[in-house]
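The values are calculated or read from the model by the stated rules, or taken from the named source; none is laboratory data. Everything quoted here is computed from the prediction, not taken from an experiment. We place every Cβ from the backbone using ideal geometry, glycine too, and count neighbours over all the protein chains shown. We work out accessible area using only protein heavy atoms, side chains counted, and drop any ligands, DNA or RNA first. Shrake-Rupley method; radii C 1.70, N 1.55, O 1.52, S 1.80 Å.
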Amino acid sequence: MNYLYFALHRKQILAHKNAVIRGLKNITTKGLLQVGTSYVGFSMKNDKTFLNIRGKLITHSDFLIGRGCRFDIGPSATCILGSGFINVNTKLIIMHGLQIGYNVAIGWDCEIIDEDFHSISYNGKQERDKKIVIGNHVWIGSGVKILKGVKIGDNNVIAGSSVVTKSFDEQNVLIAGNPAKIIKREISWE
């Protein structure tokens, strides 16, 4: 048998046998959460998926976390997943908070990180909320990095290998580059 199903305490989690889930009690599911079950041509059966949930992980609908992904949700953080998928080998390091909307597609080898784990001091430095918010119907290409405090509006596309360091509240835009900026407006995607 390649899959494990956790129906304990009303959790709907289907996990590949190579998935490790720490903090199962900290996960709340309102749909089926699939962990490490997806196959992409370059992923392998032995790739380990690791979820370290010390805070809270809440799903509002069906959500798929790809093979080889790594999640570290800190003790005081809440990660909310609407619906969609996170492709293989993506890393989430969330110490403050992450909210992902509905119908979201996140490519492989992405990094979503809301903490630097160090600080830099300088005159005039302004502190900002470190939580990350990704809107509804957002497509994030492979290799994208999304850093602390970023908010992405609905119906947007982030091109592969972009580094997103600031928020984009505008909707229906193509965001690309390092640092990321809007390069097209009035776009749509399916």
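Need the list of lysines near Lys48 for cross-linking: C-alpha distance under 30 angstrom, and skip anything on the same chain fewer than eight residues off.
Lys48 reaches Lys11, Lys17, Lys25, Lys30, Lys56, Lys91, Lys130, Lys131, Lys145, Lys148, Lys151.
Starting with the highest mean, order 17-24, 68-75, 178-185, 114-121 by the number of other Cβ atoms within 10 Å, averaged over the residues of each peptide. Each step should come with its number before you reach the end.
Values: 17-24: 16.1, 68-75: 20.8, 178-185: 13.1, 114-121: 9.9.
Per-residue mean Cβ counts within 10 Å order the peptides as 68-75, 17-24, 178-185, 114-121.
For the chain, which whole-number percentage of the solvent-accessible area (1.4 Å probe, protein heavy atoms only) is attributable to carbon and sulfur atoms? If you can, show how the numbers build up before the last one.
Numbers: 5090 of 9950 Å².
In the chain, the share of accessible area belonging to carbon and sulfur is 51 percent.
What is the ratio of the Cα radius of gyration of the chain to 2.2 N^0.38 Å, where N is its residue count, to two decimals?
Numbers: Rg = 16.4 Å, N = 190, 2.2 N^0.38 = 16.2 Å.
Relative to the 2.2 N^0.38 Å estimate, the chain comes out at 1.02.
May I ask you to order 124-130, 50-56, 134-140 by the average number of other C-beta atoms within 10 Å around their residues, highest value first?
Values: 124-130: 8.9, 50-56: 18.7, 134-140: 22.4.
The densest-packed peptide leads the list: 134-140, 50-56, 124-130.
Give, rounded to the nearest 20 debye, the magnitude of the charge dipole that the range 1-160 has about its Cα centre when Lys and Arg contribute +1 at Cβ and Asp and Glu contribute -1 at Cβ.
Dipole about the Cα centre, nearest 20: 480 debye.
Using only Cα atoms, what is the ratio of the radius of gyration of the range 6-116 to 2.2 N^0.38 Å?
Compactness ratio reported: 0.95.
Suppose all protein chains stay in the model; what accessible area per residue would a 1.4 Å probe give for the range 60-120, in Å²? Walk me through the intermediate numbers first.
On the way: 2280 Å² over 61 residues.
The answer is 37 Å² per residue.
Give, to the nearest whole percent, the P(r) tail of the range 54-152 beyond 19 angstrom, counting all Cα pairs. List each step's numbers first, then the result.
Numbers: 1861 of 4851 pairs.
Cα-Cα pairs of the range 54-152 separated by over 19 Å account for 38 percent.
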